[in-house]
Amino acid sequence: MSPGVSDHSGLARGHRGFTLIEMVVVIIILGIIAGLGALILRGGFNSYFAERDISAADGQAQTALARMTRELRTVRTASTADLPVMTSTSMTFVDFAGDTIAYTYDAVPQTITRSENGGAAQTLADHVSAASFSYWQSDAQTAATGPGNVYYITIQMTVTEGISSLTYRVTVHPRDFS
């Protein structure tokens, strides 16, 4: 080329664009990196939601069991008058103050409710997939056949929240039972 004449054929020497193959390779690599990042984030989110469900179920169950345990310790006597209802899904008792307290497990709405003196039932725990009341004699192995020989009362409940399921069990010996 002669001086003063320029090459207008496109790009200067050493500078060229990306080929279609290079762009496709970059897009594939970015897709792989994004896919791996999404898997890591999904695992983190799943762990967070599982922990949230476990915490909610645990707090609710422990609060309900603590209240039931505290109140069951105040059953007046092991008699038919003070323990008129003793089934696997409900129990009614009279406490030291003369109040009649009833606990009921209802499988359809999955709740354990509490009522006092025949009043409206209040939910103690929901998402309860299973619950039972058991009544034991003083050896803690023989089932009680009636209120007169109840020495221990066991409450067992399974709370299911999301993908988490927790089972709790507590055995109570009312103060004045002998």
Task: Within the stretch 139-178, tally of residues that are touching a Ser or Thr at 6+ places or on another chain (Cβ under 9 Å), hydroxyl-bearing (Ser, Thr, Tyr) and surrounded by fewer than 12 Cβ atoms within 10 Å (Cβ to Cβ) - done: 1
- [ ] Could you please tell me which pairs satisfy a Cβ distance under 8 Å, a separation of 6+ or placement on different chains, a first residue in the stretch 156-174 that is over 28 Å from Phe93 (Cα atoms), and a second residue that is in a strand (DSSP E or B) and of a type outside the set (S, T, N, Q)?
- [x] Ser165/Val159
- [ ] Identify, by number, the condition in (1) surrounded by 16 or more Cβ atoms within 10 Å (Cβ to Cβ); (2) in contact with a strand residue (DSSP E or B) (Cβ under 7 Å, 6 or more places away or on another chain); (3) β-branched (Val, Ile, Thr) that Thr69 doesn't meet.
- [x] (1)
Open item on the list: So Phe18 ticks every box in (1) under 26 Å from the mean Cα position of the chain (by Cα); (2) modelled with pLDDT under 90 but one. Which box is left unticked?
Closed with: (1)
- [ ] Look through the stretch 117-169, keep the residues that are among the β-branched types (Val, Ile, Thr) and outside any strand (DSSP E or B), and return whichever of them is farthest from Asp58 (Cα to Cα).
- [x] Thr145
Open item on the list: Among the residues of the stretch 65-80, what is the count of those that are under 13 Å from Ile112 (Cβ atoms) and in a loop (DSSP other than H, G, I, E, B)?
Closed with: 0
Open item on the list: Tally up the residues in the stretch 100-116 that are at pLDDT below 95 and either part of a loop (DSSP other than H, G, I, E, B) or of a type in the set (Gly, Ala, Ser) (or both), please.
Closed with: 4
- [ ] Taking only the stretch 47-84 into account, find how many residues are touching a helix residue (DSSP H, G or I) at 6+ places or on another chain (Cβ under 9 Å) and not charged (D, E, K, R).
- [x] 7
Task: Which listed residue is surrounded by 14 or more Cβ atoms within 10 Å (Cβ to Cβ), at pLDDT below 85, of a type outside the set (Asp, Glu) and within 30 Å of Ala131 (Cβ to Cβ), from Ala61, Ala78, Ala50 - done: Ala50
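If you check Tyr105, Tyr152, which single one turns out to be free of Cβ contacts under 8 Å to residues at least 60 places away in the same chain and in contact with a His (Cβ under 9 Å, 6 or more places away or on another chain)?
Exactly one of Tyr105, Tyr152 is free of Cβ contacts under 8 Å to residues at least 60 places away in the same chain and in contact with a His (Cβ under 9 Å, 6 or more places away or on another chain), namely Tyr152.
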Open item on the list: So, in the stretch 67-79, exactly how many residues are within 16 Å of Thr104 (Cα to Cα) and either of a type in the set (Lys, Arg) or out of contact with any Lys or Arg (no Cβ under 9 Å at 6 or more places or on another chain) (or both)?
Closed with: 3
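The values are calculated or read from the model by the stated rules, or taken from the named source; none is laboratory data. Computed from a prediction, not measured in an experiment: that's the story for all the values here. Because the Cβ atoms are built from the backbone with ideal geometry, glycine has one as well, and the counts that use them run over all protein chains shown.
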